[in-house]
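Okay, structure first, notes after.
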Amino acid sequence: MEEINNLPANSSINPLRLPLDCKIKHIPIKRIFDIFFSLIFLTISSPIFLLISLLIFIKSPGKIIYFHERIGRGGKPFRCYKFRTMYKNADQRLKEILETHPHLREEWEKNYKLKKDPRITPFGAFLRKTSLDELPQFWNVLKGDLSVVGPRPVVKDEMARYYRFKAYKILSVRPGLTGIWQVSGRSDVHSYEKRILMDEHYVDNHSFSLDMKLIGKTIPAILFSKGAY
């Protein structure tokens, strides 16, 4: 995993030498579905995009769209888009929180999340609870960074720290907007090893019918907001 640790922030080349038994997977029908599904969804949901953008602008100063670098297929980094859910000085707040609260630092190092995150705005908490903050990621799907269904998109540090040799398998496909983890309780799945096993299971057992099943399960998972924070 040294290659990932040394990955330049603006790298556009594949930083990983995937083994012969785990080459990058090209699934044309999956890509065609991603494009058509995203175009239809973005067209239908455009009024929701406008309303959310307006509310973010009114309730909290700063940019409407936030991006965070994630690791995509083949180890290529990309900008993952989201509606901004945090205060403008969130990075500074996080630094201060982790320096002064050891128990929160431990929670962050374990999950890369804080269950009661003081950086999140009240409206941002609603967006996260309903997963509406992730709607801009359909642009990532159109660009080819993401698939509608796939393993979780994670940051470079997570991939290097937790995935290790399994990174080569997980990174053989595009990460997804939804997947097994997202419909299985999300952040309530406390074991990171279990999350990785879910990603690995998806890569090993991918099929069009599995994708349709996971998409179908995503809707009630969002409505009931299970494990979302």
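The values are calculated or read from the model by the stated rules, or taken from the named source; none is laboratory data. Fair warning: this is a prediction, and the values are worked out from it, not measured in the lab. Please note: Cβ atoms are built from the backbone with ideal geometry, for glycine as well, and neighbour counts cover all protein chains shown. Note: accessible area is taken over every heavy atom of the protein model, side chains too, but ligands, DNA and RNA are not part of it. Shrake-Rupley method; radii C 1.70, N 1.55, O 1.52, S 1.80 Å.
Compactness of the stretch 61-105 was expressed as the Cα radius of gyration divided by 2.2 N^0.38 Å, which yields 1.47.
Could you pull out the pairs from 23/110; 110/213; 82/217 whose alpha carbons sit more than 24 Å apart here? Intermediate values should be presented prior to the final figure.
On the way: 23/110 30 Å; 110/213 30 Å; 82/217 22 Å.
The pairs that break the limit, which is 24 Å between Cα atoms, are 23/110; 110/213.
Roughly how many debye, to the nearest 20, is the charge dipole of the stretch 18-68 about its Cα centre, given +1 on each Lys and Arg Cβ, -1 on each Asp and Glu Cβ, and no other charges? Charge dipole, the stretch 18-68, about its Cα centre: 60 debye, nearest 20. Which whole-number value in Å² is the accessible area per residue of the stretch 120-190, probe 1.4 Å? Dividing the accessible area of the stretch 120-190 by its residue count gives 34 Å².
Express in nm, to one decimal, how much length is gained between residue 29 and residue 194 on full extension, taking 0.36 nm for each residue of separation and deducting their alpha carbon distance. It would help to have the intermediate numbers written out before the result.
Details: separation 165, 0.36 × 165 = 59.40 nm, distance 2.89 nm.
Difference between extended and current length: 56.5 nm.
Across q = 0.13 Å⁻¹, the stretch 161-212 modelled as identical point scatterers on its alpha-carbon atoms has Debye log10 I(q)/I(0) values of -0.30, in the order of the q list. Each residue of the stretch 153-160 was assigned a 3J(HN,Hα) from its phi angle through the Karplus expression (A = 6.51, B = -1.76, C = 1.60, θ = phi - 60°), giving x, 10, 7, 4, 5, 5, 4, 6 Hz with x at Gly and Pro. Rg and Dmax of the stretch 34-184, both derived from C-alpha coordinates alone, stand at 16.2, 48 Å.
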